[in-house]
Amino acid sequence: MSTTKEFKKFFLVGLIAFFSDISTYYLFTFSGLELNTSKAISFLIGTLIGYLLNTIYTFEEAKYSSNTLIKYLLVYLVSMLLNVTVNALSIKLFLIFEIDMNLSKFSAVIIATMFSMIFNFICLKYYVYRK
């Protein structure tokens with residue numbers, strides 16, 4: 001399958017995982033859970049959804065492999081650290097410029113997701129699902 005087609009599928013799966021991530025992030029933060037804890041938990045929920053859909057749909061793995069799961073989780077562990085760090089730094093930067101907290105949270109999650117998306121696709125294609 002071409003890289004372009006895989007990326008399109010990855011992007012669609014990413015949208016589904018992202019909406020799972022952002023909706024749970026807002027649910028947790030509005031319920032009073034700390035920002036970074038909320039982001040980490042919501043990111044993990046999005047990761048689980050992404051793993052299932054990327055394995056079956058994007059990279060069309062026909063069989064389960066514990067090796068693939070371990071590599072996937074390793075990539076997403078690093079990605080989660082990148083995501084939470086970029087999210088926190090973005091919020092701090094926006095607050096320095098006195099941008100509204102709701103807008104800061106939304107903008108930060110978009111920026112963090114973009115960083116993670118690029119990192120994840122490269123790692124999944126060339127490390128986790130390479131054939």
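The values are calculated or read from the model by the stated rules, or taken from the named source; none is laboratory data. Since we're looking at a predicted model, the values are computed, not measured. Every residue, glycine among them, receives a Cβ derived from its backbone with ideal geometry; neighbour counts consider all protein chains shown.
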Any hit, the range 61-79, residues being farther than 19 Å from Y127 by Cβ, assigned to a helix (DSSP H, G or I) and at pLDDT 90 or above: no
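Would you be able to say whether some residue in the range 64-73 is crowded, with 19+ Cβ neighbours inside 10 Å, touching a helix residue (DSSP H, G or I) at 6+ places or on another chain (Cβ under 7 Å) and within 20 Å of M117 (Cβ to Cβ)?
The initial filter retains those residues of the range 64-73 that are crowded, with 19+ Cβ neighbours inside 10 Å, namely 72.
Cutting the leftovers down to touching a helix residue (DSSP H, G or I) at 6+ places or on another chain (Cβ under 7 Å) gives us 72.
Subsequent filtering for residues that are within 20 Å of M117 (Cβ to Cβ) retains 72.
Within the range 64-73, one or more residues are crowded, with 19+ Cβ neighbours inside 10 Å, touching a helix residue (DSSP H, G or I) at 6+ places or on another chain (Cβ under 7 Å) and within 20 Å of M117 (Cβ to Cβ).
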Residues that are surrounded by 12 or more Cβ atoms within 10 Å (Cβ to Cβ), farther than 30 Å from A62 by Cβ and among the β-branched types (V, I, T), drawn from the range 77-131: V84, T85, V86, I91, I99, V109, I110, I111
Residue within the range 29-44 that is within 27 Å of T3 (Cβ to Cβ) and surrounded by 14 or more Cβ atoms within 10 Å (Cβ to Cβ) present: yes
Given (1) assigned to a helix (DSSP H, G or I); (2) of a type outside the set (A, V, I, L, M, F, W, C); (3) modelled with pLDDT of 90 or more, index of the condition T47 fails: (3)
Matching residues in the range 1-29 - criterion: being at pLDDT 95 or above and aliphatic (A, V, I, L, M): L12, V13, I16, L27
Neighbours by Cβ (under 6 Å, 6+ apart or cross-chain): first from the range 28-45, more than 17 Å from L82 (Cβ to Cβ) and in contact (Cβ under 8 Å) with a residue 40 or more places away in the chain; second part of a helix (DSSP H, G or I) and among the polar types (S, T, N, Q): T29/S38
